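Asker: My questions all concern the structure below.
The values are calculated or read from the model by the stated rules, or taken from the named source; none is laboratory data. These numbers were taken from a predicted model, which means no experiment stands behind them. Note that we place each Cβ from the backbone using ideal geometry, even for glycine, and neighbour counts take in every protein chain shown.
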Amino acid sequence: MTRTLFAAHALLPDGWARDVLLEWDADGRFVRVQADAQCPHGSAIASGPLLPGMPNLHSHAFQRAFAGLTEYRAEQQDSFWSWRSLMYRFAARLGPQHLEAIATWLYAEMLEAGYTSVCEFQYLHHQPDGRPYADDAELSRALLRAAARTGIGMTLLPVLYQTSGFGGLPPNEGQRRFIRSTDSMLHLLEALAPGCAAQGARLGLAPHSLRAVPPEALADALAGLAALDARAPIHIHIAEQTREVDDCLAWSGQRPVAWLLDHAPVDARWCLVHATHMDADEYRRAAASGAVAGLCPSTEANLGDGLFDFPAWRSHGGAWGLGSDSHVCVDAAEELLLLEYGQRLALRQRNVGADAKEADVATALTLAAVHGGARASGRPVAGLAAGQQADFVMLDAAHLALQGLQPAQMLSSHVFASHGSAIDGVWVAGRPRVAAGRHVLHDSAAAGFVAARTELLKD
């Protein structure tokens, strides 16, 4: 049993195409994507251009309830590190019911904004006092339930976190909910595997950072993961802050990305989250490894991280994707805008995101972000093509910012000029999840989110 959808215009991996017939099977996989096709009798017809669903390659779901609450000066010179202290205080109060409510709303928001899958970098493991829950996987299961309820695709990345700094510094009080031994992490992965498989989620591993995972633990965890699943995705925060680079140099004599490339089997399974501060050799070597750069423009701007050298990465053929990270912004189009505008400000040039094949910035960036995001997800979500999951987005052709435009212009206006979502419908694995711009759980999920946040902040 297959289903079909006919679109006058669709963005395929090779660019825009006309008269496109999409056909997918009962498992939600495309069996045919044909351009210049005839519309079959009785087929549903899309009312606007179709885009590939965007993978969100970096998420800390609980931080959605914290977004906007740190925009005041707490120190003489605020930074990522002062923000982190406030975040720890918030994280200490969360229970499983709060996390599930927050994630359910966040995932509904993501779907409404054009994200069809998410990589959840999950480092909340234990009770507030650091003791394990009776079910050691309780908080991870809360995220899986939220993903199943909303219908978003999931790559779950439990986080290994052991130290507070390079050289094995002991964890501080704010990190006690995160800490796991390497054996405990591998047991957690074993416990989560059946549930992930049952709902089509991908399971991987996230060594938090080089400052949080000592070398021996990193090697042991990677070996243990390979024994469980040699193709599992691996994500790591790296080179986000200049202080991190300085501390790594003081500890090892190397910059973080260089150290990782020399001491770990970095390849296409890896996502280097942020990787903001690399030198020329690190850009070259990291791109050659096949690792995906996980760019989170809104969070990197919010935290004052700095700007990734996008032209340098692309000059070496590096793959990249988008994450919403701390969720100060939950909008795939706005992340593309911020990526492009950051580069324009740094380089004093326009249309930096265009490439040799595609002159239209929004089209070029969308296709590249989908490709890299799919690789980082470890799931077949790389666009509108046979064999890929039927994840796609329909633009609202009746939206004022899009009316009267050609398809590429519609996408460009959606990214750069709509000032609000111009998305009409979203499908995940061939199932409609958003219609007329709203998720079916929009109202109930929003109410649950507000109740959870109110309770967390009541004192």
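Asker: Mind checking which residues of segment 109-132 are over 15 Å from residue 158 (Cα atoms) and free of Cβ contacts under 8 Å to residues at least 60 places away in the same chain?
Answerer: Within segment 109-132, 127, 128, 129, 130, 131 qualify.
Asker: Same structure, new question: Return the residue satisfying two criteria in turn: it lies in segment 215-243 and is under 21 Å from residue 286 (Cα atoms) and assigned to a loop (DSSP other than H, G, I, E, B), and of such residues it is farthest from the chain's Cα centre (by Cα).
Answerer: This residue is 230.
Asker: I need a count of the residues in segment 289-329 that are aromatic (Phe, Trp, Tyr) and either under 11 Å from the mean Cα position of the chain (by Cα) or buried (at least 24 other Cβ atoms within 10 Å of the Cβ) (or both).
Answerer: Residues of segment 289-329 that are aromatic (Phe, Trp, Tyr), as a first pass: 308, 310, 313, 320.
Next, from what is left, pick out any that are either under 11 Å from the mean Cα position of the chain (by Cα) or buried (at least 24 other Cβ atoms within 10 Å of the Cβ) (or both): 308, 320.
Qualifying residue count, segment 289-329: 2.
Asker: Of all residues in segment 401-445, how many are among the hydrophobic types (A, V, I, L, M, F, W, C), closer than 24 Å to residue 148 by Cα and under 21 Å from the mean Cα position of the chain (by Cα)?
Answerer: First, pick out the residues of segment 401-445 that are among the hydrophobic types (A, V, I, L, M, F, W, C): 401-402, 405, 408, 410-411, 415-417, 422-423, 426-429, 434-436, 440-441, 445.
From what is left, the residues that are closer than 24 Å to residue 148 by Cα are 423, 426-429, 434-436, 440-441, 445.
Subsequent filtering for residues that are under 21 Å from the mean Cα position of the chain (by Cα) retains 423, 426-429, 434, 445.
Going through segment 401-445 one residue at a time, the tally reaches 7.
Asker: Here's a follow-up. Which residue out of 419, 414 is outside the structural domain of residue 69 (by TED's automatic domain parsing), closer than 23 Å to residue 8 by Cα and out of contact with any Pro (no Cβ under 6 Å at 6 or more places or on another chain)?
Answerer: On the way: 419 fails: closer than 23 Å to residue 8 by Cα.
Result of the check over 419, 414: 414.
Asker: Now for a separate question. Please determine, by comparing only the residues of segment 85-139 that are in a helix (DSSP H, G or I) and hydroxyl-bearing (Ser, Thr, Tyr), which one is surrounded by the most Cβ atoms within 10 Å (Cβ to Cβ). Explain how you work it out, then say what you get.
Answerer: If we filter segment 85-139 for residues that are in a helix (DSSP H, G or I), which is where we start, we get 85-91, 96-112, 138-139.
Now restrict to residues that are hydroxyl-bearing (Ser, Thr, Tyr): 85, 88, 104, 107.
Numbers: 85: 13, 88: 16, 104: 28, 107: 33.
Restricting to residues being in a helix (DSSP H, G or I) and hydroxyl-bearing (Ser, Thr, Tyr), the top hit is 107.
Asker: Any residue in segment 243-268 that is within 13 Å of residue 215 (Cα to Cα) and of a type outside the set (A, V, I, L, M, F, W, C) sitting within a Cβ distance under 6 Å of a residue that is modelled with pLDDT of 95 or more and not in a helix (DSSP H, G or I)? List the pairs, counting only those 6 or more apart or interchain.
Answerer: 256/210; 256/238; 256/239
Asker: Give me the residue from segment 41-84 that is part of a loop (DSSP other than H, G, I, E, B) and polar (S, T, N, Q) and, out of that set, surrounded by the most Cβ atoms within 10 Å (Cβ to Cβ). Quick ask: steps written out before the conclusion?
Answerer: If we filter segment 41-84 for residues that are part of a loop (DSSP other than H, G, I, E, B), which is where we start, we get 41-43, 46-49, 53, 60, 67-79.
Subsequent filtering for residues that are polar (S, T, N, Q) retains 43, 47, 70, 76-77, 79.
On the way: 43: 16, 47: 14, 70: 20, 76: 6, 77: 7, 79: 14.
If we take residues in segment 41-84 being part of a loop (DSSP other than H, G, I, E, B) and polar (S, T, N, Q), then 70 is surrounded by the most Cβ atoms within 10 Å (Cβ to Cβ).
Asker: Right, here's the next one. Could you list, in sequence order, the residues of segment 64-90 that are in contact with a helix residue (DSSP H, G or I) (Cβ under 7 Å, 6 or more places away or on another chain) and either under 17 Å from residue 108 (Cβ atoms) or of a type in the set (Asp, Glu) (or both)?
Answerer: 64, 65, 75
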